[in-house]
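Trainee: One structure, pasted below without further comment.
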Amino acid sequence: MSHIDILVATTSGNTEYLADQLSDQLIAAGHTTELHYEPDYQQLMTGDPAIWLCCIASHGAGDYADSMLDFAEQLSAQQPHLPLLRYAVIAVGDSNYDTYCAAGRDCDERLQQAGATRLVSRLEIDMATDDPEQKSTDWLRSFIAAL
Ligand SMILES: Cc1cc2nc3c(=O)[nH]c(=O)nc-3n(C[C@H](O)[C@H](O)[C@H](O)COP(=O)(O)O)c2cc1C
């Protein structure tokens, strides 16, 4: 049994809905979760062992969606060292934008730079073509297997 902090970057709610569903599936698989709809940088940066599932929608010109803008700014400015963190990223976007999934890709890169361990490869969900629930449910199996 693991505890998973689910960090959510959303503006219009799609990613929040997706994160809720993934949380339910993790709980059904015997894990515990905490959903962070507006992730608090100080609260999460404890330096203790942790597992993050980052569900990140891109907005603007490849920016993080509103609910995680503050967190992303601090992550970029403070460049923390997070060797005890294990994580995975689900990047949500729309391939009609040149900056497709840019925020999720940025998050993945920054956590790598922080020395965190990526549990499974980043999932990218294209809202223009994909079925988000199906795709994320399939991916979650490999995430759970890696815990
Ligand atoms: C104003 C606006 C800007 C967007 N910019 C991007 C972008 O730069 N890159 C991308 O991949 N998707 C972009 N998208 C698509 C969103 O990521 C997509 O609609 C997603 O489902 C929004 O998730 P949310 O409802 O959780 O905020 C944009 C959408 C809007 C409405």
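The values are calculated or read from the model by the stated rules, or taken from the named source; none is laboratory data. Quick caveat: nothing in here was measured; it's all calculated off a predicted structure. Don't worry about glycine lacking a Cβ; one is built from the backbone with ideal geometry, like all the others, and counts go over all protein chains shown. Each accessible area value is taken on the protein alone, full model and side chains, heavy atoms only, with ligands, DNA and RNA left out. Shrake-Rupley method; radii C 1.70, N 1.55, O 1.52, S 1.80 Å.
Trainee: Here is a list of conditions, (1) within 10 Å of Ile56 (Cβ to Cβ); (2) part of a helix (DSSP H, G or I); (3) more than 12 Å from the ligand (Cβ to nearest atom); (4) not polar (S, T, N, Q), and Arg105 meets all of them except one; can you say which number that is?
Mentor: (3) is the only condition that Arg105 fails.
Trainee: Mind checking which helices (runs of 4 or more DSSP H) fall wholly inside the range 11-102 and carry at least 2 residues that are among the acidic types (Asp, Glu) and within 16 Å of the ligand (Cβ to nearest atom)? Spell out the reasoning first.
Mentor: Values: elements: 14-28, 41-44, 69-78.
Counting at least 2 such residues, we get 14-28.
Trainee: Separate question: In this structure, is Gly60 open to solvent by 30 Å² or more (accessible area, probe 1.4 Å) and either of a type in the set (Gly, Ala, Ser) or under 12 Å from Thr15 (Cβ atoms) (or both)? Break it down into steps so the answer makes sense when it comes.
Mentor: Values: open to solvent by 30 Å² or more (accessible area, probe 1.4 Å): yes; either of a type in the set (Gly, Ala, Ser) or under 12 Å from Thr15 (Cβ atoms) (or both): yes.
For Gly60, the condition - open to solvent by 30 Å² or more (accessible area, probe 1.4 Å) and either of a type in the set (Gly, Ala, Ser) or under 12 Å from Thr15 (Cβ atoms) (or both) - is met.
Trainee: Answer with yes or no whether Thr117 is among the hydroxyl-bearing types (Ser, Thr, Tyr) and either within 16 Å of the ligand (Cβ to nearest atom) or within 25 Å of Gly13 (Cβ to Cβ) (or both). Step through it out loud before you land on a result.
Mentor: Numbers: among the hydroxyl-bearing types (Ser, Thr, Tyr): yes; either within 16 Å of the ligand (Cβ to nearest atom) or within 25 Å of Gly13 (Cβ to Cβ) (or both): no.
The answer is no for Thr117.
Trainee: Restricting the range 121-136 to residues that are assigned to a strand (DSSP E or B) and either more than 10 Å from the ligand (Cβ to nearest atom) or among the acidic types (Asp, Glu) (or both), which is surrounded by the most Cβ atoms within 10 Å (Cβ to Cβ)? Spell out how you get there, then give the answer.
Mentor: Narrowing the range 121-136 to residues assigned to a strand (DSSP E or B): 123-126.
Those still in the list that are either more than 10 Å from the ligand (Cβ to nearest atom) or among the acidic types (Asp, Glu) (or both) too: 123-124, 126.
Working: Leu123: 22, Glu124: 18, Asp126: 16.
That would be Leu123.
Trainee: Further question: Could you go through the range 16-26 and let me know if any residue there is of a type outside the set (A, V, I, L, M, F, W, C), more than 20 Å from Lys135 (Cα to Cα) and open to solvent by 80 Å² or more (accessible area, probe 1.4 Å). Quick ask: steps written out before the conclusion?
Mentor: Of all residues in the range 16-26, those of a type outside the set (A, V, I, L, M, F, W, C) come to 16-17, 20-21, 23-25.
After this cut, where a residue has to be more than 20 Å from Lys135 (Cα to Cα) as well, the list is none.
Within the range 16-26, none of the residues are of a type outside the set (A, V, I, L, M, F, W, C), more than 20 Å from Lys135 (Cα to Cα) and open to solvent by 80 Å² or more (accessible area, probe 1.4 Å).
Trainee: For Arg86, work out the one condition from (1) in contact (Cβ under 8 Å) with a residue 24 or more places away in the chain; (2) closer than 21 Å to Thr10 by Cβ; (3) of a type in the set (Lys, Arg) it doesn't fulfil.
Mentor: (2)
Trainee: Given the conditions (1) under 22 Å from Tyr17 (Cα atoms); (2) crowded, with 18+ Cβ neighbours inside 10 Å, and given that Ile144 satisfies all but one, which numbered condition is not satisfied?
Mentor: It is condition (2) that Ile144 fails.
Trainee: Given (1) open to solvent by less than 60 Å² (accessible area, probe 1.4 Å); (2) more than 15 Å from the ligand (Cβ to nearest atom), identify the lone condition not met by Val8.
Mentor: (2)
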